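Okay, so here's the structure we're looking at.
The values are calculated or read from the model by the stated rules, or taken from the named source; none is laboratory data. Values in this document were obtained by computation on a predicted structure and should not be read as measured data. Note: ideal-geometry Cβ built from the backbone for every residue, glycine included; neighbour counts use all protein chains shown. Areas reflect the complete protein model, heavy atoms only, side chains present, ligands, DNA and RNA absent. Shrake-Rupley method; radii C 1.70, N 1.55, O 1.52, S 1.80 Å.
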Amino acid sequence: MSLECAIKGRGHLMKFLNIHLFMFTGMIESMAIVKNLSLKAGGGVLFLDFSGLRNDLVLGESIAINGACLTVREISGTIANFDISGETLKKTALGKLQHAEKVNIERALKMGDRLGGHFVTGHVDGIGMVKEKKQSADQCTISFSIEKKVTDMMIEKGSVAIDGISLTIVDLADGLFSVALIPYTLAATTLGFRKIGDLVNIETDLMGKWIKRHLANIQDKKGSITQEQLIEQGFF
């Protein structure tokens with residue numbers, strides 16, 4: 001593939017990334033503790049204890065909480081609270097949080113920060129469920145079920161964010177996928193104490209979603225994509 005083709009085919013993607021992303025990386029900084037979740041018609045308010053991060057928090061800051069991007073509304077001592085919209089409650093597992101439960105925390109990526117995981121927007125694609133958990137000497141493999149429309153946007157060895165954690169997909173099937181976790185990830189994130197039946201937030205890799213959308217837009221009326229169209233868009 002020529003440099004000119006590569007630039008032409010991916011120019012729209014880079015423009016999209018520059019405008020909308022560089023928000024999170026899926027590298028969890030710490031865990032906060034749920035103090036209260038107040039649900040009401042049309043939304044709710046989540047109260048978290050940020051003892052380890054309190055000195056740095058500011059009002060209006062964007063924070064990924066179990067992979068869902070929320071905004072700091074108020075800070076009182078070590079407690080920060082966040083408004084949760086009805087749409088967020090519908091699309092994520094945040095509405096199921098319990099008092100004293102731990103959640104994964106990642107603060108928004110700053111310009112110039114090192115990208116340790118993959119691009120994560122904080123916009124959850126769906127709610128998955130832990131189906132199986134296999135522990136071995138050096139790692140733990142966890143399988144999740146989720147709607148087929150979500151696994152359709154995944155590829156084996158591709159990236160996925162589970163409760164905000166950047167991970168690599170091991171196996172993939174319709175409505176089912178698995179990841180492998182090292183001891184550090186189990187100790188430093190909520191996946192260490194997840195059990196079968198627990199619900200998690202899933203965000204698929206942005207590039208996979210963009211490519212799927214882009215290919216759908218260039219399909220001809222018969223539902224197929226020609227080699228000429230792929231060459232024109234810079235994929236070859």
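Among the residues of region 22-56, those identified as in a strand (DSSP E or B), without any contact (Cβ under 8 Å) to a residue 40 or more places away in the chain and under 21 Å from Ser76 (Cα atoms) are Ser38, Val45, Phe47, Asp49.
Taking residues in region 175-196 that are polar (S, T, N, Q), and partners anywhere that are surrounded by fewer than 20 Cβ atoms within 10 Å (Cβ to Cβ) and not in a loop (DSSP other than H, G, I, E, B), the pairs with Cβ atoms closer than 6 Å and at least 6 places apart or on different chains are Ser178/Thr141; Ser178/Ser143; Ser178/Val170; Ser178/Asp171; Thr190/Lys102.
If you go through region 133-186 and keep only what is charged (D, E, K, R) and surrounded by fewer than 21 Cβ atoms within 10 Å (Cβ to Cβ), you end up with Lys133, Lys134, Asp138, Glu147, Lys148, Lys149, Asp152, Glu156, Lys157, Asp171, Asp174. Taking the conditions (1) at pLDDT 95 or above; (2) under 25 Å from Met27 (Cβ atoms) in turn, Leu206 satisfies each one other than (1). Of the residues Asp163, Asp152, Asp125, the single one that is modelled with pLDDT under 95 and touching a helix residue (DSSP H, G or I) at 6+ places or on another chain (Cβ under 8 Å) is Asp152.
Residues in region 57-78 that are assigned to a loop (DSSP other than H, G, I, E, B) and open to solvent by less than 40 Å² (accessible area, probe 1.4 Å): Leu57, Glu61, Asn66, Gly67. Contact map, region 129-151: first residue closer than 16 Å to Asp198 by Cβ, second residue assigned to a loop (DSSP other than H, G, I, E, B) and open to solvent by 80 Å² or more (accessible area, probe 1.4 Å), Cβ cut-off under 6 Å, separation 6 or more or different chains; pairs are Val130/Ile196. Just one of the numbered conditions (1) over 13 Å from the mean Cα position of the chain (by Cα); (2) not in a strand (DSSP E or B) is not true of Val103: (2). Being at pLDDT 95 or above and among the small types (Gly, Ala, Ser) holds for only one residue in Gly9, Gly95, Gly26, and it is Gly95. Among the residues of region 25-82, the one identified as of a type in the set (D, E, K, R), touching an Asp or Glu at 6+ places or on another chain (Cβ under 6 Å) and farther than 21 Å from Leu109 by Cα is Lys35.
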